[in-house]
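Everything below concerns the one structure shown next.
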Amino acid sequence: MRLLPWTGADGKACYLSTDDPHSHLSQLADDVEAAQLASAEQVLAGARAVLGDPKAGERAVRFALTRAVESLGDVLRVAVSRGGDTGAR
């Protein structure tokens, strides 16, 4: 069973059961994971820039933190999907 990088409409985890890592849905999940990881790199760079700017206001800091939390959730889901047990579920 593979944990997919998205949730269902009810917010619950989605899983894929297949022996074919090259199936259409497996490939789609790989693409989504890659996009999530690339986005996390950009969010991290942006958050560092905001935190490094002493003139950054509360709105900028809150936005950066909100995006960082979203990205961290995505990255943890990818880690679990790839076999890493983060213990944070």
Looking at segment 19-30, I want the residues that are farther than 18 Å from Val78 by Cβ and have a partner that is of a type outside the set (A, V, I, L, M, F, W, C) with Cβ atoms under 6 Å, at least 6 apart or on another chain. Which pairs are those?
none
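A quick yes/no check of all residues on (1) in contact with a strand residue (DSSP E or B) (Cβ under 9 Å, 6 or more places away or on another chain); (2) farther than 16 Å from Val80 by Cα; (3) open to solvent by less than 70 Å² (accessible area, probe 1.4 Å):
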position: Cys14; (1), (2), (3): yes, no, yes
position: His22; (1), (2), (3): no, yes, no
position: Val32; (1), (2), (3): yes, no, yes
position: Gln36; (1), (2), (3): yes, no, yes
position: Glu41; (1), (2), (3): no, yes, no
position: Gly52; (1), (2), (3): no, yes, yes
Residue among Val50, Val78 that is assigned to a helix (DSSP H, G or I) and in contact with an Asp or Glu (Cβ under 8 Å, 6 or more places away or on another chain)
Val78
Hey, can you tell me all the residues within segment 54-80 that are surrounded by 14 or more Cβ atoms within 10 Å (Cβ to Cβ) and among the β-branched types (Val, Ile, Thr)?
Val61, Val75, Val78, Val80
If you go through segment 7-46 one residue at a time, how many are in a helix (DSSP H, G or I) and touching a Leu at 6+ places or on another chain (Cβ under 6 Å)?
2
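The values are calculated or read from the model by the stated rules, or taken from the named source; none is laboratory data. Not measured: the values here are computed from a predicted model. Note: ideal-geometry Cβ built from the backbone for every residue, glycine included; neighbour counts use all protein chains shown. Please note that ligands, DNA and RNA were not included when accessible areas were found on the heavy atoms of the full protein model with its side chains. Shrake-Rupley method; radii C 1.70, N 1.55, O 1.52, S 1.80 Å.
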